[in-house]
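One structure below.
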Amino acid sequence: MKVHWKGETKDIKTLWREGSEVKMIDQRVLPHRFEILTLKNYRETADSIKDMVCRGAGAIGCAAGYAIAQAALEAKNMDINQFTDYMDRASDYVYKTRPTAVNLFRAVERCLEAGSAGEVSERVHKVVGEADKIAEEDLEASKRMGEYGSDLIAEGHRILTHCNAGALAFIDYGTALSPIRFAQKQGKKPFVWVDETRPRCQGTRLTAWELMQEGIDYALIVDNAAGYFMQRGEVNLVIVGADRVTANGDVANKIGTYEKAVVANENNIPFYVAAPRMTFDLKTETGWEVEIEERDLEEVTKMWGKIQEGELKNIQIPADGTVARNPSFDITPARYISGFITEKGIIKPPFEENIRKNFK
Ligand code: RUB
């Protein structure tokens, strides 16, 4: 992704591996600061997922894979029993970081499976290779989703998106924003309605910033305004990402996605979900079986931002002691979804049948 920072333009990925270290953009301080963190061991990388240094299904999947690769490198001089024990402890630690996005679990399973046979040195080599492969595949899948998804976008289309399913939620390009990036390159001049996405404001802080970097037209709106613009015919298409798609086509995504889907359907606006194979969980039948993360209540009662003097502050909005709830994701039933934009093309209903056909 393009990043303009302090007079320089960089082409940068969300996260990458350099030997035994993982480097990543610190998404907690965007858009007011641009900082790259270095994570020296598997615990630091796993903590970065938990603390939202990186977030978004694709990005946390890749970070989880790299954390397991770091664990393998840390254990490279152990005997086979110690190695297995170390890897078990590391995978438990990574599994407990965030519960909803399936990419995290699949990445850990793939790396463990890759390193399940042979001498320790061979296992280490295979685990690291698998983690790199997950990141490469994710990048390639994002490009493919961009190519296929851009066919849905006509010249001057106004697209609504929720949360951040852009380059920052992946390694690069993103899922929902990738078709928009491609449409922009094709000269279609897309326009994006960016939902702020309370409580953590991934739309405000990340999606608006990404679009600004790419020179794509957009307007930031409060979450409650999406229906207003849909009803007035000012939204041609909705594209969101996903944290998990179950076998029947239900989608777990950022809280508020369900409401956007219902209102889009009410107004006959196509509602698409962009997600790669890694986000499809065919072992889970319906969305109701997906664990929904509940996050810190302070995310609801406080708002983070830049105060006039330029300092970054977290300020409390409601009265002391106000009771809150903070589910981070919701389930959009498959019946509201027009199609899935994937690296294999667009998957249309009946989803139960067509998802399995495309992703065995
Ligand atoms: C991120 C979120 C994103 C999906 C899709 O939530 O809900 O819409 O992860 O992203 P959080 P992707 O910020 O809490 O992680 O592009 O990876 O499919």
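Structural remarks
- Long-range HN-HN contacts of Asn326 with modeled amide H, under 5 Å: Arg295
- Candidate cross-link partners of Lys126 among the aspartates and glutamates, defined by an alpha-carbon separation under 20 Å and a same-chain spacing of 8 or more, comprise Glu18, Glu21, Glu74, Asp79, Asp85, Asp88, Asp92, Glu109, Glu113, Glu136, Glu137, Asp138.
- Of every Cα-Cα pair in the stretch 84-228, the percent that sits beyond 20 Å: 57
- Over the chain, dividing the summed -39,500 (n - 2.57) contributions of all DSSP H runs of at least 4 residues by the number of residues returns a 222 nm mean residue ellipticity of -11500 deg cm²/dmol.
- For the chain, a crude dipole built from +1 on the beta carbon of Lys and Arg and -1 on the beta carbon of Asp and Glu, taken about the Cα centre, is about 720 debye to the nearest 20.
- Placing one equal scatterer on every Cα of the stretch 152-358 and applying the Debye formula, the log10 ratio I(q)/I(0) at q = 0.07, 0.15 Å⁻¹ is -0.21, -0.95.
- Extension gain from Leu220 to Lys96, taking 0.36 nm per residue of separation minus the Cα-Cα distance: 41.3 nm
- Among residues other than Thr207 with Cβ under 10 Å from its Cβ, the summed charge is -2 (Lys and Arg +1, Asp and Glu -1).
- Rg over Rh for the stretch 4-154 works out to 1.02, both radii taken from alpha-carbon positions and Rh defined as the Kirkwood radius.
- Centroid-to-centroid, using Cα positions, the stretch 1-36 and the stretch 283-347 are 23 Å apart.
- Cα centroid separation, the stretch 65-122 to the stretch 173-188 (Å): 35
- Summed side-chain charge close to Asp195 - residues other than Asp195 whose Cβ falls under 13 Å, Lys, Arg +1, Asp, Glu -1: +2
- Considering only Glu140, Glu294, Glu18, the Gaussian network model of the chain with Cα springs below 10 Å gives its largest mean-square fluctuation to Glu18.
- Based on the Stokes-Einstein relation at 25 °C and a viscosity of 0.890 mPa s, and on the Kirkwood radius from alpha carbon pairs, the stretch 256-328 is assigned a translational diffusion coefficient of 150 µm²/s.
- For the chain, the solvent-accessible area works out to 43 Å² per residue, with a probe of 1.4 Å and every protein chain left in place.
- Subtracting the Cα-Cα distance of Ile317 and Asn354 from 0.36 nm times their residue separation leaves 8.7 nm of extension gain.
- Whole-percent carbon and sulfur share, accessible surface of the chain, 1.4 Å: 48
- Between the Cα long axis of helix 120-150 and the first principal axis of the chain there is an angle of about 10°, rounded to the nearest 10.
- Diffusion coefficient (Stokes-Einstein, Kirkwood radius over C-alpha pairs, 37 °C, 0.692 mPa s) for the stretch 87-133: 298 µm²/s, rounded to a whole number.
- Förster radius 51 Å - calculated FRET efficiency between Arg232 and Glu122, Cβ distance, rounded to 0.05: 0.25
- Shape analysis of the chain yields a ratio of the Cα radius of gyration to the Kirkwood radius, Rg/Rh, of 0.97.
- Chymotrypsin sites (Phe, Trp or Tyr not before Pro) restricted to the stretch 65-168 and DSSP loop, no more than 11 other C-beta within 10 Å: none
- Among the listed pairs Lys185/Lys313; Lys13/Lys344; Lys283/Lys313; Lys13/Lys189, those with a Cα-Cα distance over 31 Å are Lys185/Lys313; Lys283/Lys313.
- A quarter of the convex hull surface defined by the alpha-carbon atoms of the stretch 1-46 gives 3.5 nm² as the mean projection.
The values are calculated or read from the model by the stated rules, or taken from the named source; none is laboratory data. Please read these numbers as outputs of a predicted model, since none were measured by experiment. Quick reminder, even Gly has a Cβ in these numbers, built from the backbone with ideal geometry, and neighbours come from all protein chains shown. Each accessible area value is taken on the protein alone, full model and side chains, heavy atoms only, with ligands, DNA and RNA left out. Shrake-Rupley method; radii C 1.70, N 1.55, O 1.52, S 1.80 Å.
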